[in-house]
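The values are calculated or read from the model by the stated rules, or taken from the named source; none is laboratory data. Bear in mind that the values here come from a model prediction, so they are computed numbers and not experimental data. Glycine gets a Cβ as well: all are built from the backbone with ideal geometry, and neighbour counts include every protein chain shown.
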Amino acid sequence: MRRKTKLIHGGIAGDVHTGAVSVPIYQVSTYKQEAVGVHKGYEYSRTGNPTRHALEELIKDVEEGYAGFAFSSGMAAITAVMMLFNSGDHVILTDDVYGGTYRVMTKVLNRLGIESTFVDTSDLANIEAHIQPNTKAIYIETPTNPLLKITDIQGASALAKRHGLLMIVDNTFSTPYWQTPIALGADIVIHSATKYLGGHSDVVAGLVVVNSEQLATDLHFIQNSTGGILGPQDSWLLMRGIKTLGIRMEEHEENTRKIVEFLTNHPAVTRVYYPGLPSHPNHDVAKKQMRGFGGMVSFDVGSAEKVEQVLTRVRYFTLAESLGAVESLISLPAKMTHASIPKERRAELGITDGLIRISVGLEDADDLIEDLAQALA
Ligand SMILES: C=C(NCc1c(COP(=O)(O)O)cnc(C)c1O)C(=O)O
């Protein structure tokens, strides 16, 4: 089954009992047992729910993995994956990760003894240089949020295997339509499904796909024990979102290509961050591992004052956190999504007060460009 068809026919199709074409929403907490322990495969919805299971089967197929798991948010998914490790273990992460990922590692999981080091993983030598005897995993975002850095998934996965480490990829920005990390050697893929997979700014969710039976057993134990599951209504919404992921990503790509060209040539823009630009430091790696470059762009306008002007003038770009929706969104990472990262750390990374991040939606590209032009004037 090819990629586009998998989005529609992957996972579980409809309902065997009624012939319903759309998977039913099983708004159920518990299931009758014929005798103690004798049931029809479900006993309690934290442990398993038919609607959530259909979503987990779908994302497993789309990400080409062994098993899928659905959580109540991307952060719940990330936290569940980190529960695979023990106090005293160490994880190497991409330096330019989402602010919430940085926060959970440095303000919550560190208190439970899970150590983390943030490095520029776009240079694989940096990863190897920071492997410690207690290192258990490499965690990357590629492209990263918000600077669109690219890490070689195949190279990092081979490095991880050489050192007996798990390879974890947060695939939120690219989605499985453009990039399938497990096929490139990753062990675990994570999504903030709140973003492109839902695609309509109407669901908060997280998804994980693993590549082995052992990881599936371990992660299901954590999902059931810690309970951060996704409900049946949101599971159903996500399945509906995933069905149109392909056509949406194609349209995001087309719009973004035009907007990147506009921004690259605008005198008020000092720098554009986008993996599809030949000038991107890892453009060749992006071309190798991504079938498309995505709908996320960051650009610097040089000052907080200029940012203020842009944010107040835009009409079709909604000032809001999140990304990956049909409507275009605009944000100021330094004060919004990455405010939890210390200022000096943001400065080191390049997340300046002049950096704007946009999630290019499905509006008419000319309307979006005209909107940015008047906002930047
Ligand atoms: C809300 C935003 N990001 C959430 C996010 C998360 C967290 O997902 P939540 O569904 O928001 O919990 C994980 N990984 C990446 C790459 C993310 O971008 C944002 O960047 O606007």
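Table: residues versus (1) out of contact with any strand residue (DSSP E or B) (no Cβ under 6 Å at 6 or more places or on another chain); (2) outside any loop (DSSP other than H, G, I, E, B).
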residue: Lys306; (1), (2): yes, yes
residue: Thr312; (1), (2): yes, yes
residue: Ile330; (1), (2): no, yes
residue: His338; (1), (2): yes, no
residue: Arg345; (1), (2): yes, yes
residue: Asp353; (1), (2): yes, no
Failed condition for Trp236, given (1) surrounded by fewer than 18 Cβ atoms within 10 Å (Cβ to Cβ); (2) outside the structural domain of Leu349 (by the TED database): (1)
If only one of Leu349, Leu376 is away from the ligand (no atom under 16 Å from the Cβ), in contact (Cβ under 8 Å) with a residue 24 or more places away in the chain and buried (at least 17 other Cβ atoms within 10 Å of the Cβ), which one is it? Leu376
Output the residue which, of all residues in the stretch 200-228 that are within 13 Å of the ligand (Cβ to nearest atom) and in a loop (DSSP other than H, G, I, E, B), is farthest from Ser72 (Cα to Cα). Ser201
Restricting to the stretch 352-373, and then to whatever is of a type in the set (A, V, I, L, M) and farther than 27 Å from Thr94 by Cα, can you tell me which residue is surrounded by the fewest Cβ atoms within 10 Å (Cβ to Cβ)? Ala373
How many of the residues in the stretch 146-190 are among the small types (Gly, Ala, Ser) and within 16 Å of the ligand (Cβ to nearest atom)? 2
Looking at Ser328, Ser298, Ser340 in this structure, which one is closer than 26 Å to Leu197 by Cβ and without any contact (Cβ under 8 Å) to a residue 60 or more places away in the chain? Ser328
